[in-house]
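Notes follow once the structure below has been shown.
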Amino acid sequence: MNFKRKNDNINLDQLVGKLQKEDNRYANICKGLKVVYWVLIPIYSLIAIDTYIDTKELIDLFAGLLFVGSFLIFAIIMGDFQKEYNSVDYSLPTLNMLKKAFDRYKPFRPKALWAVAAFFLMDAGFYLSSSFKDRVVDKQIYVLAIFLASVIVGLIIWYFKYKPLYDNSKRLIAEIEGE
Amino acid sequence: MRTKTYTLKKEEHFNQILSENSERIQRICRYYNSNTEDQKDMYQEVLVNIWKSLDNFRGDSAISTWVYRVAVNTSLSFTGKTFKQMKLIVNTDTQNLSSILDDESLETKHKEEAQFNQLQNELNQLSVIDKALISLMLEGLSMKEIGDVIGITEPNVKVKIHRIKAQLKTKLTGGVTYEF
């Protein structure tokens, strides 16, 4: 990197590192998770086929495909987040930027519904799979408890970390749009 | 190879923007921070955001307007400390300061230190958006350019600036309520 030093107070070599870090930080987390899901997809596909060959039960094949479908949805969601983090644009007019930020900080976004759908696909996979036949009701209670706990933890994090940002953006949008 | 060429071009473009707009960005940073360390932090943050947004520059607006957008949006940044501590700092040598106090009698008075301090205090009572509008006006941007930066129409900018001026005048002249 060969940035010119236009301001002696700023170490632009350090800045380059910061720029690259900022560019990649969030996107890399999503990219990592996306890769994990794309690796799991063929593995679980093979497991589903192998289980079907062993048991000759179509329901096992279907359960395996539900797992695969769930991973596929998660992989697509992570890819979408990766793209979103890579494309935060501070050069938009302030009002547009605020509206986009407001959407990003919403507690429930349409995208989250896809994650819920993926979660329930996985749950259905557990329910149908012969490997988890015992104590189905108990397992459903555990799964539901995990789901509710995840939502509650997510909301607590949102409340303390993102709600002030959400409220600020809402207030500023109202102020700009107000006559 | 293609990526390397792309990065070099991006660096070149970034350097060019920096060389042409460095002082402009520093002025905006000074409006919002009295502390030099905070000014430097904000300056760096603006540069980070310029770098991140560089691929989105399509040349639809002047590069200076684009830079102002990034600078103002950074000042409204939700994650940094700037938003919480944001103050509008004006200096006696700030260009276009008289554009706020366009009343002749007030223009004379603003030379007095006491009134300048009062003006400074009143400016800091303004809302975040009003501070952004005033900082752009102090930079000498036209109403249309301010509208392009903030994302509102030119008449809307005029109404808002008029209202801010009226508020400031009312407060600086002893609290007489201004009627629209």
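The values are calculated or read from the model by the stated rules, or taken from the named source; none is laboratory data. As the structure is a prediction and not an experimental result, all values here were calculated from the model. Positions of Cβ are backbone-derived with ideal geometry, glycine not excepted, and every protein chain shown enters the neighbour counts.
Laid out as a table, the results:
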quantity	calculated
Matching residues, the stretch A:157-179, being more than 29 Å from A:PHE119 (Cα to Cα) and either touching a residue at least 60 places away in the same chain (Cβ under 8 Å) or among the β-branched types (Val, Ile, Thr) (or both)	A:SER169, A:LYS170, A:LEU172, A:ILE173, A:ILE176, A:GLU177
Qualifying residues in the stretch A:81-101 (those that are at the interface with chain B (Cβ under 7 Å from one of its Cβ atoms) and in contact with an Asp or Glu (Cβ under 8 Å, 6 or more places away or on another chain)) - the one farthest from B:GLU145 (Cα to Cα)	A:MET97
Test: residue in the stretch B:81-94 that is facing chain A (nearest Cβ under 10 Å) and at pLDDT below 70	yes
Cβ-Cβ under 7 Å pairs, at least 6 apart or on other chains, the stretch B:47-73 side without any contact (Cβ under 8 Å) to a residue 12 or more places away in the chain, far side in a helix (DSSP H, G or I) and surrounded by fewer than 19 Cβ atoms within 10 Å (Cβ to Cβ)	B:VAL48/A:LYS18; B:VAL48/A:GLU22; B:LYS52/A:GLU22; B:LYS52/A:ASP23
Extreme residue, farthest from B:ALA71 (Cα to Cα), among residues of the stretch A:81-114 that are among the small types (Gly, Ala, Ser) and touching a helix residue (DSSP H, G or I) at 6+ places or on another chain (Cβ under 6 Å)	A:ALA101
Test: A:VAL68 is modelled with pLDDT of 90 or more, assigned to a helix (DSSP H, G or I) and more than 13 Å from the chain's Cα centre (by Cα)	yes
A:GLN82, sole failed condition from (1) at pLDDT 90 or above; (2) within 22 Å of the chain's Cα centre (by Cα)	(1)
Residues satisfying the stated conditions in the stretch A:52-97, i.e. small (Gly, Ala, Ser) and without any contact (Cβ under 8 Å) to a residue 12 or more places away in the chain	A:SER87, A:SER91
Breaking point among (1) within 18 Å of A:LEU98 (Cβ to Cβ); (2) at pLDDT 80 or above, for B:LEU76	(2)
Residue list for the stretch B:132-149, filter: of a type outside the set (Gly, Ala, Ser) and farther than 11 Å from A:GLU175 by Cβ	B:ILE134, B:LEU136, B:MET137, B:LEU138, B:GLU139, B:LEU141, B:MET143, B:LYS144, B:GLU145, B:ILE146, B:ASP148, B:VAL149
Single residue of the stretch B:7-29 satisfying the filter (in contact (Cβ under 8 Å) with a residue 12 or more places away in the chain and basic (Lys, Arg)) that is nearest to B:ARG58 (Cα to Cα)	B:LYS10
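Residue by residue, here is whether (1) within 30 Å of B:VAL149 (Cβ to Cβ); (2) touching a residue at least 24 places away in the same chain (Cβ under 8 Å) holds:
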site: A:LEU46; (1), (2): no, no
site: A:ASP50; (1), (2): no, no
site: A:ARG104; (1), (2): yes, no
site: A:PHE119; (1), (2): no, yes
site: A:LEU144; (1), (2): no, no
site: A:LEU155; (1), (2): no, yes
